[in-house]
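What follows is one structure encoded as structure tokens, with my remarks underneath.
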Amino acid sequence: MRVHIATDHAGMELSAHLVDHLQEHGHDVVDHGPQSYDAEDDYPGFCLRAAEAVALEWSRVDPETTEPPCLGIVLGGSGNGEQIAANKVTGIRAALAWNVETARLAREHNNANVVGIGGRQHSAQQAVEIVEAFLSAQWTAETRHARRIGKIAHYESTGEILD
């Protein structure tokens, strides 16, 4: 699977670890940066580029598919700002995962296509477990979950709230 990844200075060490791990396990990893450490860098540009790449690939597949064309990972100190930035891209459903269960449920129930992780919140091993749970979980496509995601997508494209 192709995995788009982005971080800021706070997640660079973890990002490098995840890139190595994912490549060792056969994933095609696209690193959206940064490429060098800068304590003053800003995460939005990196995370937005990764999210745009994910959104573009997802726009080319049937929305009902349970097989994602790719997934994304955004990292920072807490992961909060990074997943907020990613969620600004149309078609992105980024979920902040703080354990294996939230990562798995983000895929199964919300068809999340990007996971946010706090580089200062988890050990490298914990982060690997969270990422593996996210990447291996499958969207259930259950009617109730699809309906809810449809309402979010409707709002995203029209600004109209459906009850």
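Structural remarks
- Residues of region 108-151 that turn out to be β-branched (V, I, T) and part of a loop (DSSP other than H, G, I, E, B), as a count: 1
- Tallying residues that are within 15 Å of the chain's Cα centre (by Cα), over 15 Å from A16 (Cβ atoms) and not β-branched (V, I, T) within region 118-137 yields 8.
- Looking across region 1-12 at every residue that is open to solvent by less than 20 Å² (accessible area, probe 1.4 Å) and in a loop (DSSP other than H, G, I, E, B), the one that is farthest from I130 (Cα to Cα) is identified as D8.
- Checking each residue in region 53-76 for being farther than 20 Å from E108 by Cβ and modelled with pLDDT under 95 picks out S59, R60.
- Considering the conditions (1) touching a strand residue (DSSP E or B) at 6+ places or on another chain (Cβ under 9 Å); (2) open to solvent by 10 Å² or more (accessible area, probe 1.4 Å); (3) in contact (Cβ under 8 Å) with a residue 40 or more places away in the chain; (4) β-branched (V, I, T), I84 is excluded by exactly one of them, (3).
- Matching entry among W98, W58 (being within 26 Å of A141 (Cβ to Cβ), among the aromatic types (F, W, Y) and part of a helix (DSSP H, G or I)): W58
- The set of residues in region 13-40 that are touching a residue at least 24 places away in the same chain (Cβ under 8 Å), more than 16 Å from the chain's Cα centre (by Cα) and either crowded, with 17+ Cβ neighbours inside 10 Å or not in a loop (DSSP other than H, G, I, E, B) (or both) comprises E13, H17, H21, P34.
- Boolean, L48 is touching a residue at least 12 places away in the same chain (Cβ under 8 Å) and closer than 21 Å to Q125 by Cα: no
- One residue alone among V115, V128 is in contact with a strand residue (DSSP E or B) (Cβ under 6 Å, 6 or more places away or on another chain) and under 22 Å from H27 (Cα atoms), and that residue is V115.
- Matching option when the condition is among the charged types (D, E, K, R), farther than 12 Å from A6 by Cβ and open to solvent by 30 Å² or more (accessible area, probe 1.4 Å), among R60, R49: R60
The values are calculated or read from the model by the stated rules, or taken from the named source; none is laboratory data. These numbers were taken from a predicted model, which means no experiment stands behind them. Note that each Cβ is placed from the backbone with ideal geometry, even for glycine, and that neighbours are counted across all protein chains shown. All accessible areas refer to the heavy atoms of the entire protein, side chains included, with ligands and DNA or RNA removed. Shrake-Rupley method; radii C 1.70, N 1.55, O 1.52, S 1.80 Å.
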